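First up is the structure itself, then whatever we jot down about it.
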Amino acid sequence: MSETLLSVTNLDAAVEGFQVTYDVDFAVERGKAVGYVGRNGAGKTTTFRSVMGLADILGGSIRFKGTELTDLRPEQIPKHGIGYQPEDRKLFTGMTIDENFRMPIWTLGDERGIDDEDAAVEDVYDIFEELSERRQAQVENLSGGQAKMVSIGRALALKPDLLILDEPLEGLAPIIVERLKEYIEEINDRGIAVLIAESNVQHVPEMVDELYVVERGEIFDSGDPMEVSQKRDVQELMQGSGQE
Amino acid sequence: MVTSSIALLEANSVLLQSGIIEGLQNLLQPDTFIVQTINGIRFGFILFLIAAGLTVILGILDVLNLAHGELYALGAYVAASVGGFLVGEGTAAIMAPPSSFDPVTSFAFVGVLILAALISALILVPIGVVMETVFIRPIYERDQVYQLVLTFALLLIIANMIEFIWGSNPQKLDLSTKTAVNDIPTFELLGLSGVPSIVTLIMVVSLVVGVGLFYFFSKTKTGRIIRATAIDREMATALGVSPDRTFTLVFALGAFLAGFGGAMELVRTAANPGMGESALVLSFVVIVVGGLGSLRGAVVGALVIGVLQNWMTVVEPSLESAAPFAVMVIVLLVKPEGLFGTWGERT
């Protein structure tokens with residue numbers, strides 16, 4: 001029987017005083033991959049930031065493994081097993097790839113039961129092998145794709161149960177997109193649940209088990225990824241949102 | 001052509017009348033130049049200790065702490081009391097100043113003196129913690145004007161507390177303490193007289209603290225977590241960093257550095273009521289010159305300002321106070337962001 005990891009119920013969230021999401025409901029089960037697509041400004045990032053405690057929550061509930069996250073301070077959330085790759089990477093510049101990977105372990109490694117820092121970091125390099133040779137490179141010298149990989153890798157360092165990826169494929173060359181998709185699938189194959197936001201519906205259905213479409217802060221449709229993405233109203237909605 | 005020649009002659013005449021050229025000639029005498037430069041470097045190191053705390057707090061907390069100079073003064077006053085207790089001539093002192101140079105006794109005495117400075121700086125740590133948690137934390141989200149007003153109030157409160165506790169008379173260590181340090185040969189061994197060993201002591205200890213500070217921020221986990229928080233507070237939070245704990249730690253570190261700077265300066269001179277204000281003003285010049293929030297900038301800015309000000313004491317003492325500000329104005333006009341970048345990305 002599947003276990004619900006993340007359960008978002010009736011979420012109303014705001015950015016700088018303006019409500020952005022309305023009664024949002026969705027769930028992520030352990031080990032599953034869930035897509036969360038919508039046009040730019042639809043409320044994807046605000047929803048993800050709400051899960052991480054970084055948005056103003058006006059109402060609703062966000063439960064992760066039975067813990068109500070809205071009661072916690074933002075810094076208390078990752079230790080419950082959620083890794084987060086923000087939309088704009090937000091790497092720690094002036095530091096190396098290795099330092100970026102180790103940063104979450106330095107802050108929460110003990111609480112996550114990681115007693116071998118080097119082994120935990122090697123697990124990340126094991127997925128992103130191409131970063132392994134550049135581990136001492138300063139992150140500001142990386143390509144856009146590599147920077148995305150570092151941002152995802154950093155979110156993986158604490159061995160999360162759920163990995164939240166906010167537009168991981170956005171703005172990347174097609175060949176890099178394909179590589180990143182493989183990496184994300186590999187992460188999911190390792191039993192880590194993945195929640196992926198994208199404004200381009202094209203890449204997501206083949207990667208996920210369930211798809212949510214969000215529009216103007218509300219869930220527009222949800223269900224089987226292939227079925228939902230083929231619906232006419234979804235396709236019309238997503239037109240002009242960056243589809244190639 | 002003729003006009004510019006006349007202007008040059010006029011400028012030269014002004015310089016001659018004001019004695020600047022004569023002062024420059026004096027400065028360029030090798031002995032004077034070396035002594036003044038070394039003294040300037042010593043002053044630069046002290047300025048760095050104060051400015052480092054100021055710039056770290058500004059870079060990470062985004063707070064310009066006007067009370068920072070008073071923490072430096074408080075460090076000097078506390079050191080006067082702690083030093084008097086540890087190395088004074090009284091019977092309760094751990095170690096009395098040796099009457100003449102003896103390698104073992106003299107260096108042991110210097111060690112106790114440094115211990116006194118460290119204890120004094122550590123006493124300031126809880127004061128910094130209280131300042132941050134009780135007074136500054138509630139107004140992080142408010143306009144910076146509130147922070148300036150509040151830290152200015154703290155400046156006045158600390159200055160008044162100093163006067164209340166120690167009175168308005170300058171406080172200093174026993175003369176025999178200074179003599180005991182100066183009896184240790186340092187620059188004399190290099191054939192250079194005129195630089196007392198107290199200057200050497202301040203330079204060496206400040207250098208060690210400075211190197212330790214860079215090591216802390218570039219090599220230790222806590223230091224790099226602080227840098228990460230400075231670069232992106234929200235992302236650091238999303239990785240489990242507690243901003244409250246980090247901010248308190250940073251403020252405590254700033255108080256420690258300022259207090260240590262004051263304590264080390266006390267070895268050379270007396271703690272006096274105005275020392276906090278002048279230190280704050282010069283530290284502000286240092287961090288503007290170096291780059292607001294840059295630790296590397298603070299090093300370079302402090303050395304530039306320290307050396308320049310000491311040179312000006314020979315070239316033209318009446319311009320001693322104006323010279324650092326002239327440098328600041330030039331930097332602001334030519335490179336408004338300062339000589340180095342902002343805090344966090346590079347130590």
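Based on what the data block shows, is residue A:170 in contact (Cβ under 8 Å) with a residue 60 or more places away in the chain, of a type in the set (Asp, Glu), surrounded by fewer than 19 Cβ atoms within 10 Å (Cβ to Cβ) and over 21 Å from residue A:96 (Cβ atoms)?
yes
Among the residues of the stretch A:72-82, is there at least one that is away from chain B (no Cβ under 11 Å) and open to solvent by 50 Å² or more (accessible area, probe 1.4 Å)?
No.
What number of residues within the stretch B:227-245 are open to solvent by less than 10 Å² (accessible area, probe 1.4 Å) and more than 10 Å from chain A (Cβ to nearest Cβ)?
0
Residues of the stretch A:16-41 being of a type in the set (A, V, I, L, M, F, W, C), surrounded by 15 or more Cβ atoms within 10 Å (Cβ to Cβ) and more than 16 Å from the chain's Cα centre (by Cα), which ones? Explain how you work it out, then say what you get.
Taking the stretch A:16-41 as the starting set, the residues that turn out to be of a type in the set (A, V, I, L, M, F, W, C) are A:18, A:20, A:24, A:26-28, A:33-34, A:37.
Narrowing further to those that are surrounded by 15 or more Cβ atoms within 10 Å (Cβ to Cβ): A:20, A:24, A:26-28, A:33-34, A:37.
If the condition is that a residue be of a type in the set (A, V, I, L, M, F, W, C), surrounded by 15 or more Cβ atoms within 10 Å (Cβ to Cβ) and more than 16 Å from the chain's Cα centre (by Cα), then A:20, A:24 are the ones that fit.
Residue by residue through the stretch B:160-173, note down the ones that are of a type outside the set (Asp, Glu), within 18 Å of residue B:67 (Cα to Cα) and open to solvent by 30 Å² or more (accessible area, probe 1.4 Å). Talk me through it step by step, then tell me what you get.
Here is the first cut: in the stretch B:160-173, the ones of a type outside the set (Asp, Glu) are B:160-162, B:164-173.
Next cut, within 18 Å of residue B:67 (Cα to Cα) only: B:160-162, B:164-165.
Residues satisfying the conditions are B:160, B:161, B:164, B:165.
Among the numbered criteria (1) within 12 Å of chain A (Cβ to nearest Cβ); (2) surrounded by fewer than 23 Cβ atoms within 10 Å (Cβ to Cβ); (3) in contact (Cβ under 8 Å) with a residue 60 or more places away in the chain, which single criterion is violated by residue B:248?
Against the list (1) within 12 Å of chain A (Cβ to nearest Cβ); (2) surrounded by fewer than 23 Cβ atoms within 10 Å (Cβ to Cβ); (3) in contact (Cβ under 8 Å) with a residue 60 or more places away in the chain, residue B:248 comes up short only on (1).
For the stretch A:91-115, how many residues are open to solvent by 20 Å² or more (accessible area, probe 1.4 Å), without any contact (Cβ under 8 Å) to a residue 40 or more places away in the chain and either more than 9 Å from chain B (Cβ to nearest Cβ) or within 23 Å of residue A:32 (Cα to Cα) (or both)?
Residues flagged as open to solvent by 20 Å² or more (accessible area, probe 1.4 Å), without any contact (Cβ under 8 Å) to a residue 40 or more places away in the chain and either more than 9 Å from chain B (Cβ to nearest Cβ) or within 23 Å of residue A:32 (Cα to Cα) (or both) within the stretch A:91-115 amount to 3.
Within the stretch B:239-255, is even one residue at pLDDT below 95, within 21 Å of residue A:101 (Cβ to Cβ) and part of a helix (DSSP H, G or I)?
Yes: one or more hits.
Please state which one of B:267, B:314 is buried (at least 24 other Cβ atoms within 10 Å of the Cβ), over 24 Å from residue B:60 (Cβ atoms) and either away from chain A (no Cβ under 14 Å) or of a type outside the set (S, T, N, Q) (or both).
B:267
Test residue A:130 against the criterion of being open to solvent by 40 Å² or more (accessible area, probe 1.4 Å), more than 30 Å from residue A:216 (Cα to Cα), out of contact with any His (no Cβ under 6 Å at 6 or more places or on another chain) and free of Cβ contacts under 8 Å to residues at least 24 places away in the same chain, and give yes or no.
Details: open to solvent by 40 Å² or more (accessible area, probe 1.4 Å): yes; more than 30 Å from residue A:216 (Cα to Cα): yes; out of contact with any His (no Cβ under 6 Å at 6 or more places or on another chain): yes; free of Cβ contacts under 8 Å to residues at least 24 places away in the same chain: yes.
Spelling it out, residue A:130 is indeed open to solvent by 40 Å² or more (accessible area, probe 1.4 Å), more than 30 Å from residue A:216 (Cα to Cα), out of contact with any His (no Cβ under 6 Å at 6 or more places or on another chain) and free of Cβ contacts under 8 Å to residues at least 24 places away in the same chain.
Considering only the stretch A:152-173, I want to know if a residue exists there that is among the β-branched types (Val, Ile, Thr), within 14 Å of chain B (Cβ to nearest Cβ) and outside any helix (DSSP H, G or I).
yes
Any residue at all in the stretch A:137-149 that's more than 10 Å from chain B (Cβ to nearest Cβ), part of a loop (DSSP other than H, G, I, E, B) and surrounded by fewer than 17 Cβ atoms within 10 Å (Cβ to Cβ)?
Among the residues of the stretch A:137-149, at least one is more than 10 Å from chain B (Cβ to nearest Cβ), part of a loop (DSSP other than H, G, I, E, B) and surrounded by fewer than 17 Cβ atoms within 10 Å (Cβ to Cβ), which makes the answer yes.
Considering only the stretch B:292-333, how many residues are in a loop (DSSP other than H, G, I, E, B), polar (S, T, N, Q) and touching a residue at least 40 places away in the same chain (Cβ under 8 Å)?
Count: 1.
Table: residues versus (1) of a type in the set (Val, Ile, Thr); (2) in a helix (DSSP H, G or I); (3) open to solvent by 10 Å² or more (accessible area, probe 1.4 Å).
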| site | (1), (2), (3) |
| --- | --- |
| B:188 | no, yes, yes |
| B:201 | no, yes, yes |
| B:208 | yes, yes, yes |
| B:217 | no, yes, no |
| B:225 | yes, yes, yes |
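Only one residue in A:49, A:102 is closer than 30 Å to residue A:230 by Cα and at pLDDT 95 or above. Which one?
A:49
Determine which single condition residue B:346 fails, assuming it passes every other condition in (1) open to solvent by 10 Å² or more (accessible area, probe 1.4 Å); (2) within 24 Å of residue B:229 (Cβ to Cβ); (3) modelled with pLDDT under 90; (4) away from every other protein chain (no Cβ under 14 Å).
Against the list (1) open to solvent by 10 Å² or more (accessible area, probe 1.4 Å); (2) within 24 Å of residue B:229 (Cβ to Cβ); (3) modelled with pLDDT under 90; (4) away from every other protein chain (no Cβ under 14 Å), residue B:346 comes up short only on (4).
Which members of the stretch A:58-71 meet the condition of being touching a residue at least 40 places away in the same chain (Cβ under 8 Å) and open to solvent by 50 Å² or more (accessible area, probe 1.4 Å)? Show your work before the answer.
Of all residues in the stretch A:58-71, those touching a residue at least 40 places away in the same chain (Cβ under 8 Å) come to A:58-65.
Passing the criteria: A:58, A:63, A:65.
Quick one: is residue A:88 open to solvent by 20 Å² or more (accessible area, probe 1.4 Å) and within 10 Å of another protein chain (Cβ to nearest Cβ)? Give the steps one after another, and end with the answer.
On the way: open to solvent by 20 Å² or more (accessible area, probe 1.4 Å): yes; within 10 Å of another protein chain (Cβ to nearest Cβ): yes.
It is true that residue A:88 is open to solvent by 20 Å² or more (accessible area, probe 1.4 Å) and within 10 Å of another protein chain (Cβ to nearest Cβ).
The values are calculated or read from the model by the stated rules, or taken from the named source; none is laboratory data. Computed from a prediction, not measured in an experiment: that's the story for all the values here. Every residue, glycine among them, receives a Cβ derived from its backbone with ideal geometry; neighbour counts consider all protein chains shown. Quick note on the areas: whole protein, heavy atoms, side chains included, nothing else; ligands and nucleic acids left out. Shrake-Rupley method; radii C 1.70, N 1.55, O 1.52, S 1.80 Å.
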